[in-house]
1. May I ask you to list the residues in segment 36-65 that are loosely packed, with under 10 Cβ neighbours inside 10 Å and either under 21 Å from residue 26 (Cβ atoms) or within 16 Å of the chain's Cα centre (by Cα) (or both)?
2. Select, from 75, 46, 26, the only residue that is at pLDDT 85 or above and outside any helix (DSSP H, G or I).
3. Between residues in segment 54-77 that are closer than 30 Å to residue 39 by Cα and residues that are surrounded by 10 or more Cβ atoms within 10 Å (Cβ to Cβ) and at pLDDT below 90, which pairs lie under 6 Å by C-beta distance while being six or more apart or on different chains?
């Protein structure tokens, strides 16, 4: 493996990521417009209400800070713990399921 191989591989991945971001740009713009309640591609029918419910947006705004604290609040976002033999044995035990409520 030459020194240029990893550099080329990373450059290729960056180009692919940029291309993917460009391909998804229109979908992201439309998703943000829908989130804001702006649905230009779905105009109200004549004689019908043009009212737009923003309930989903309100719930997302209420829950998002808590979700962000949960995900990003720890010292590390991801932590790898090596499992011991006892843990592996416990995980591979036969499981029983119950249908009682």
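The values are calculated or read from the model by the stated rules, or taken from the named source; none is laboratory data. Please read all numbers here as calculations on a predicted model, not as lab measurements. In this analysis, Cβ positions are derived from the backbone assuming ideal geometry, glycine residues included, and neighbour counts consider all displayed protein chains.
1. 40, 41, 42, 43, 65
2. The unique qualifying residue is 46.
3. From residues that are closer than 30 Å to residue 39 by Cα, the pairs are 54/37; 57/35.
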